[in-house]
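Nothing in this text is a laboratory measurement; each read-out follows from the coordinates by a stated rule. Just so we're clear, the structure is a prediction, and the values are computed from it rather than from any experiment. Cβ placement follows ideal geometry from the backbone for every residue including glycine, while neighbour counts extend to all protein chains displayed.
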């Protein structure tokens with residue numbers, strides 16, 4: 001064995017470890033219009049290594065990572081039909097794109113199951129707004145709801161056994177939960193005002209949601225064991241789109257004051273609100289970093305939507321992209 005070969009073999013574990021560490025770093029997928037139409041890109045969490053993944057004449061947006069970080073699904077706008085989006089999935093490097101289904105409602109919630117084996121989405125493919133799942137290879141399309149009213153905002157429970165959603169099947173939007181196969185739907189809320197935007201706590205015991213039951217849109221917490229309801233926010237802003245921090249101690253949410261959209265964080269133990277953004281332009285489309293220390297979001301400050309990063313206490317504001325960008329999505333690893 002030569003000396004150079006011995007050195008290479010000695011360094012191999014270090015090089016392999018370094019490569020694994022690089023692959024384990026969280027990344028951010030996003031949509032950008034920088035090259036003429038909306039395409040999917042990915043970058044490191046510090047904004048470096050921005051790489052274009054899709055090269056299509058269709059508009060590609062709404063990326064979301066599989067739990068293991070190996071794949072990304074996204075919405076692709078059918079040519080000539082602005083409101084019709086198809087659901088696609090590809091490898092995390094942009095390889096092997098597969099069309100899963102057509103007829104997705106633009107901007108509607110869609111998400112991977114915790115085990116990465118199914119994708120949950122809503123669609124009007126059968127005439128009205130219903131909830132479906134499909135496997136990431138395009139097989140196993142399953143309709144979960146069958147009601148003439150709108151069924152919307154589906155979200156997986158943390159263990160993947162249930163789906164919470166909002167439905168107007170009883171006259172106005174209320175929260176429901178069903179088994180992951182669509183069986184045993186149960187109504188969780190009962191109020192004349194609309195209840196929507198359900199979000200599971202990481203431990204699966206609570207649902208945060210938005211409701212206008214006290215005069216204008218605020219955030220509430222529902223304890224599933226006994227249906228105990230707690231009002232979380234009481235402010236002149238319209239509060240919506242709650243998103244749990246990974247450790248379950250905080251909620252990020254969209255606070256709307258007039259036409260101004262900002263991002264705030266609520267500490268659940270103390271009900272302390274921290275306003276992360278206060279720019280006159282739009283701030284939204286936010287997501288927690290896997291460690292809960294930062295959020296990525298979209299801001300229109302400066303005249304063009306871009307991806308920004310901010311610490312969970314409101315410090316450390318950093319712009320990550322230039323040019324039009326939307327829909328940032330963190331990988332979990």
Worksheet item: Taking neighbour counts of Cβ atoms within 10 Å as a proxy for exposure, in what order, fewest first, do 222, 87 appear?
Response: 222, 87
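Give the shape of the range 73-116 as rounded, prolate or oblate, defined through the alpha-carbon gyration tensor: a ≥ b ≥ c are the square roots of its eigenvalues, a/c under 1.5 means rounded, and otherwise the shape is prolate if a/b is larger than b/c and oblate if not. Can you show the working numbers first?
Values: a/c = 2.64, a/b = 1.39, b/c = 1.90.
Oblate.
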Practice prompt. With a ≥ b ≥ c taken as the square roots of the eigenvalues of the C-alpha gyration tensor of the range 186-295, please select rounded if a/c is under 1.5 and otherwise prolate if a/b is larger than b/c or oblate if it is not?
Written response: oblate
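Taking a ≥ b ≥ c as the square roots of the eigenvalues of the Cα gyration tensor of the range 277-333, is the shape rounded (a/c under 1.5), prolate (a/b larger than b/c) or oblate?
Here the range 277-333 falls in the oblate category.
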Discussion item. Just want to confirm a number: the relative contact order over the chain, from Cα pairs under 8 angstrom separated by 6+ residues, in percent.
Written reply: 12
Worksheet, complete the sentence: Taking alpha-carbon centroids only, the range 235-265 lies from the range 24-56 a number of Å equal to 26
Practice prompt. Would you mind pulling out the separation of the Cα centroids of the range 131-154 and the range 268-301, in Å?
Written response: 30
Fill in: Descending Cα extents along the principal axes, the range 52-204, whole Å
47, 36, 24
Discussion item. Neighbour counts of other C-beta atoms within 10 Å: give me 110, 184, 143, 125 arranged from fewest to most.
Written reply: 184, 143, 125, 110
Discussion item. I'd like the orientation of helix 3-24 relative to the chain: the angle between its Cα long axis and the longest Cα principal axis, in ° from 0 to 90, rounded to 10.
Written reply: 10
